[in-house]
Amino acid sequence: MTNSDSAPVPVLVIDDERDIRDGCQRILSRQGCSVDKAPDGAAGLEAMERSPADIVLLDLKMPGMDGLEVLKLLRQSHPQVLVIVITGYATVETAIEAMKLGAYDFLPKPFQPDQLRLTVGRAMERLRLTRETERLERERRQTLADLAGEQSRLRTVISALPLGILVTQTDGQVVLHNPTFCQMAGLEPDSAPGQDISRYLREPKVHELARRASQQEQDQQGDPPAVEFTTDQERTLLAQATPVLGEGGASLGAVLVFIDVTPYRMLDQLRQEFVAKVSHELRSPLSTILLQLTLLLGEEGTAPPQGHRHLLSRARERTQGLISFVRDLLDLSRLEDGGATAAEPVPVSPGKMLAAVKEALSPQAQSRGMTLSLELPEEPLPLLLADPVGVESVFTNLAANAINYSPDGGRVTLKAWAEGGMLKVTVSDEGFGIEPEKVGKIFDRFYRIKNEKTRYVTGTGLGLPIVKSVVDSLGGTVEVDSELGKGSSFTVTLPVE
């Protein structure tokens, strides 16, 4: 697209994570892009001077020169480049700051290949439209084409922008808006301009923003004024206003640009909830361990008292819970960075895998007087082509949950069979069961069923989300059948090799 629509679009990926750089190259190369890579900001700037790119994927958090500093330098030396900021620390503040510095779009980690393709595709379309606009402008200057035709083309360009655009006169009457604004404001796509701004948005802060911008007699230095508000559709929008100046510097109205920052608000809220959850889950077991070990050691260094084996057992349980929590976080992080397909798929024997899971969890079941059994058909089960670590985490989490949410002396059964070219594995228990209204929530991250019977069960609420993520990545399904007070049954269906 650098010289024609068929030419590859030069893209530069600046990220300190090699997996991100390589993954972006694989995905975008198949999208008609010529991809260059740089491990840090300094190398990225050198690569831009050596071979300028049209689109830059820029990580905000890098050692040495951070992304915002690189963004500032890129906007100075290459003002036409479209910069897409990528980061695992997405907040509204960083998003707004990056947008103010000239970033075209924002892509929070972890992102899926489809998200990357969609975002870069919009940037490629923006390049095409920008160059088409430049070509039309050259033609206008050269041929003095009809102004009405030019206005029609300009409206087409504005309609394709990914940002909401609203143009008002000094009296607040709307003279132009694009479909993106209509979508953000919850209006019909064919809503006609011509009415007061209050008929399109009920937010008084936006009305005042447009009024103040319309009263400016000249461009103000610094960033344009902006307000943030929530629409009736529960969207959080950031509005920026710039005056439209005519000949002599007199104001003709205002242009308002709307950016949808809802995903960044949600990410920020999720980050806060995550930090609070981690703080609580780490502080509680560590405090218990400290108290119990203090009792075992005795006061002022005296010899430990006898008969405190139960305290040691309790300390061990809390420590194991903490280790399990960290393990779940690592599993979840691995899934978000590529899922179960991150490792090279290999043939996996489901029978051997289930036998290993049963052997690993049998001591936990026996300590509570429970029976953990495995039922396999006489014929060998077909092989799976998958990451063995991911498959093992599925069956381990389901079996461990069945043990944890069952009373002492209960029974947990693992059963596997082949049916219709698929492998089916059922993990059943005779435990507490799940209320019907809560079945749809058990695969949400950090969600745990808490009632009088389960309040003593420790956990993170990450086991079942990990199961769902792995099964989905393998093209399978997981189904739940539960009856309160009688037990639950989870059935996993996976395609065989």
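Where a number appears in this text, it was derived from the coordinates with a stated rule and is not lab data. Small disclaimer: the values here were computed from a predicted structure and weren't measured. Positions of Cβ are backbone-derived with ideal geometry, glycine not excepted, and every protein chain shown enters the neighbour counts.
The label point for R212 and the one for Q173, both projected 7 Å from the Cα toward the Cβ, are 2.6 nm apart.
In order along region 225-235, the Karplus-derived 3J(HN,Hα) couplings, from 6.51 cos²θ - 1.76 cosθ + 1.60 at θ = phi - 60°, round to x, 8, 9, 10, 8, 10, 7, 5, 8, 6, 9 Hz, and Gly and Pro are given as x. Loop-located GluC sites (Glu not before Pro) across region 373-418 with a Cβ neighbour count of 12 or fewer within 10 Å are E378, with loop assigned by DSSP. Computed from label points 7 Å out along Cα-Cβ, the spacing between E419 and Q233 is 4.2 nm.
With a/c under 1.5 counting as rounded, go ahead and sort region 9-130 into rounded, prolate or oblate using the C-alpha gyration tensor (a ≥ b ≥ c being the square roots of the eigenvalues; past the cut-off, prolate if a/b is larger than b/c, else oblate). All intermediate terms of the calculation are to be shown ahead of the outcome.
On the way: a/c = 1.16, a/b = 1.11, b/c = 1.04.
Taking the square roots of the gyration eigenvalues as a ≥ b ≥ c, region 9-130 is rounded.
What shape does region 80-130 have by the C-alpha gyration tensor, where a ≥ b ≥ c are the square roots of the eigenvalues, rounded means a/c under 1.5, and otherwise prolate means a/b greater than b/c and oblate the rest? Kindly include the intermediate steps, with their values, before the conclusion.
Numbers: a/c = 3.18, a/b = 1.20, b/c = 2.64.
Oblate, because a/c is 1.5 or more while a/b does not exceed b/c.
Here the label points at E437 and R26, each 7 Å from Cα along the C-beta direction, are separated by 4.5 nm in the simple model.
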